[in-house]
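The values are calculated or read from the model by the stated rules, or taken from the named source; none is laboratory data. Everything quoted here is computed from the prediction, not taken from an experiment. In this analysis, Cβ positions are derived from the backbone assuming ideal geometry, glycine residues included, and neighbour counts consider all displayed protein chains.
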Amino acid sequence: MNISSVIVIPHPEHVAAVSAALGELPGVEVAIVSPEGKIIATIETDGDAETVRCYEIISKIDGVMSASMVYHQNETEPEVEITVAA
């Protein structure tokens, strides 16, 4: 499983529409929309090819100026919970 996050910068007049479109994509969840209109979303896919396709789709949403990956993790055992010793 690939887990990544993306910052999406839409044109100011398209913030709501872009946020809604992101929420409709499989595996994509909008985490927050800043007061300035920047959108932070998470993406969960089964592999690298699906992640790349998702970024391509996001960048082509009407009203998106840019989409930048800020985090990526390939989780080989997503069912195993990670614990951190204190």
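Residues of region 2-13 that are in contact with an Asp or Glu (Cβ under 7 Å, 6 or more places away or on another chain) and either polar (S, T, N, Q) or over 14 Å from Tyr71 (Cβ atoms) (or both): Asn2 alone. For the criterion of being exposed (fewer than 15 other Cβ atoms within 10 Å of the Cβ) and assigned to a strand (DSSP E or B), Ile9 fails. Condition test on Ser59, is it in contact (Cβ under 8 Å) with a residue 24 or more places away in the chain and not aromatic (Phe, Trp, Tyr)? When the stated conditions are applied, Ser59 does not pass them.
Taking every residue in region 30-44 that is over 10 Å from Val8 (Cα atoms) and touching a residue at least 40 places away in the same chain (Cβ under 8 Å) and pairing it with any residue that is of a type outside the set (Ser, Thr, Tyr) and assigned to a strand (DSSP E or B), at least 6 positions away or on another chain, the pairs with Cβ-Cβ distances below 6 Å are Ile43/Val28; Glu44/Ile3. Is it the case that Ile61 is at pLDDT 95 or above, in a loop (DSSP other than H, G, I, E, B) and either basic (Lys, Arg) or out of contact with any His (no Cβ under 8 Å at 6 or more places or on another chain) (or both)? Here the answer is yes, as Ile61 does meet what is asked. Counting only residues that are acidic (Asp, Glu) and in a helix (DSSP H, G or I), region 12-33 holds 2 of them.
Restricted to region 34-58, and to residues there that are surrounded by fewer than 16 Cβ atoms within 10 Å (Cβ to Cβ) and part of a loop (DSSP other than H, G, I, E, B), the residue that is nearest to the chain's Cα centre (by Cα) is Lys38.
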